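Q: Quick one: the structure is below, and I'll ask about it shortly.
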Amino acid sequence: MVHIPGEKHTPLILSVDGVTKSFDGFKAINDLSFYLSEGELRTVIGPNGAGKSTFMDLITARTKPDEGKIVFHKDNGEDVDLTRVREHHVSQLGIGRKFQNPTVYRSHTVYDNLQLSLSGRRNLLSSLFYSESQEDRDKIHHVLDTVRLTEFKDDLAGSLSHGQKQWLEIGMLLAQDPRIMLVDEPAAGMSDEETERTGELLLSLEGKHSLIVIEHDMEFVRQIARRVTVLHQGQVLKEGDFDFVKSDSKVIEVYLGRQSRKH
Ligand code: ADP
Ligand code: MG
């Protein structure tokens with residue numbers, strides 16, 4: 001079991017050590033280290049261009065770093081260096097990502113979207129001959145309940161509101177039992193009520209999954225904040241609870257100050 005040196009003894013699920021990624025000589029990620037504990041809900045904030053999306057690309061092996069290690073600590077005690085595996089293998093390991101724009105199958109029902117994502121986990125041959133088991137049905141109903149879409153299960157995904165589509169996509173991730181969920185700006189474009197419900201949903205997943213949530217909306221960050229990591233110029237500028245990072249003068253300067261000037 002791996003622990004953060006000198007920290008509380010929760011096993012780590014992800015260790016990012018000294019990772020650098022340059023694009024044409026510009027360091028989008030610069031000697032970044034980051035540790036995620038099992039079951040943790042971590043929020044990552046930072047101004048545009050801070051490296052947040054690149055960070056997620058690195059964890060999911062969509063992008064390879066120039067230097068450093070990204071290690072996934074499996075529950076059987078084995079370590080996997082994610083910089084050495086292919087992108088599709090990362091999702092098979094149980095690391096799921098939700099992109100900013102929902103990518104649901106609009107002309108399928110909510111239920112069928114969840115079923116497709118459950119079966120999508122299997123290999124091509126078995127998904128061709130897929131027939132739904134009672135276990136799968138139970139699983140889908142559990143996910144429907146978690147993302148509060150039970151009463152919409154027979155509706156076409158295309159007819160859902162923007163917020164509901166986002167929840168469906170989170171449900172599609174959940175159907176695949178991810179150990180780590182990477183969620184990119186889940187509240188973007190949502191109404192206040194939808195945003196609050198999204199926060200409740202993410203909080204309900206804490207402990208069952210390990211989550212990294214990238215977010216801009218500070219009200220939303222306040223709602224879901226546990227440990228918050230502020231990224232700036234590809235590095236960790238500050239890490240701690242919401243009030244701690246919010247009151248830091250450097251954070252205010254690079255992020256909050258800039259944002260409040262916009263409003
Ligand atoms: P964020 O998501 O925090 O806004 P990004 O990770 O998208 O930041 O980008 C970090 C920096 O790296 C930006 O300056 C961006 O222009 C640059 N960058 C990201 N991806 C590429 C790429 N594929 N090619 C060149 N530059 C890139
Ligand atoms: Mg981004």
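The values are calculated or read from the model by the stated rules, or taken from the named source; none is laboratory data. Bear in mind that the values here come from a model prediction, so they are computed numbers and not experimental data. Cβ coordinates were reconstructed from backbone atoms using ideal geometry, including for glycine residues, and neighbour counts include every protein chain displayed.
Q: So Arg97 clears everything in (1) assigned to a strand (DSSP E or B); (2) more than 16 Å from ligand 2 (Cβ to nearest atom) except one condition, right? Which one?
A: (2)
Q: Aliphatic (A, V, I, L, M) and at pLDDT 95 or above: does that describe Leu256?
A: Working: aliphatic (A, V, I, L, M): yes; at pLDDT 95 or above: no.
No; evaluated as a whole, the condition is false for this residue.
Q: Restrict the check to the stretch 19-26 and report whether at least one residue is within 15 Å of ligand 2 (Cβ to nearest atom) and on the phi < 0 side of the Ramachandran plot. Even if it seems obvious, please write down each step before you answer.
A: Taking the stretch 19-26 and keeping what is within 15 Å of ligand 2 (Cβ to nearest atom), we get 21, 23.
Then keep just the ones that are on the phi < 0 side of the Ramachandran plot; that gives 21, 23.
Yes, the stretch 19-26 contains a residue that is within 15 Å of ligand 2 (Cβ to nearest atom) and on the phi < 0 side of the Ramachandran plot.
Q: Only one of (1) hydroxyl-bearing (Ser, Thr, Tyr); (2) buried (at least 19 other Cβ atoms within 10 Å of the Cβ); (3) in contact (Cβ under 8 Å) with a residue 40 or more places away in the chain fails for Thr198. Which number is that?
A: (3)
Q: Would you kindly identify the helices (runs of 4 or more DSSP H) lying entirely within the stretch 161-263 that contain at least 2 residues that are polar (S, T, N, Q)? Let's see the steps before the verdict.
A: Working: elements: 162-174, 192-205, 218-224, 242-246, 257-262.
Answer list for the stretch 161-263: 162-174, 192-205, 257-262.
Quick grid of which residues meet (1) under 19 Å from the mean Cα position of the chain (by Cα); (2) away from ligand 1 (no atom under 13 Å from the Cβ):
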| site | (1), (2) |
| --- | --- |
| Ile29 | yes, no |
| Lys52 | yes, no |
| Ala61 | yes, yes |
| Asn76 | no, yes |
| Leu82 | yes, yes |
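Q: Does Ser107 satisfy the criteria of being within 30 Å of Lys153 (Cβ to Cβ), more than 15 Å from ligand 1 (Cβ to nearest atom) and surrounded by fewer than 13 Cβ atoms within 10 Å (Cβ to Cβ)? Talk me through it step by step, then tell me what you get.
A: Working: within 30 Å of Lys153 (Cβ to Cβ): yes; more than 15 Å from ligand 1 (Cβ to nearest atom): yes; surrounded by fewer than 13 Cβ atoms within 10 Å (Cβ to Cβ): yes.
It is true that Ser107 is within 30 Å of Lys153 (Cβ to Cβ), more than 15 Å from ligand 1 (Cβ to nearest atom) and surrounded by fewer than 13 Cβ atoms within 10 Å (Cβ to Cβ).
Q: Hey, can you tell me all the residues within the stretch 32-64 that are away from ligand 2 (no atom under 14 Å from the Cβ), at positive phi and surrounded by fewer than 20 Cβ atoms within 10 Å (Cβ to Cβ)?
A: Gly39
Q: Looking only at the stretch 205-214, decide whether some residue is over 20 Å from Gly189 (Cα atoms) and within 16 Å of ligand 1 (Cβ to nearest atom). Talk me through it step by step, then tell me what you get.
A: Residues of the stretch 205-214 that are over 20 Å from Gly189 (Cα atoms), as a first pass: 205-211.
Keeping just the survivors that are within 16 Å of ligand 1 (Cβ to nearest atom) gives none.
Scanning the stretch 205-214 turns up no residue that is over 20 Å from Gly189 (Cα atoms) and within 16 Å of ligand 1 (Cβ to nearest atom).
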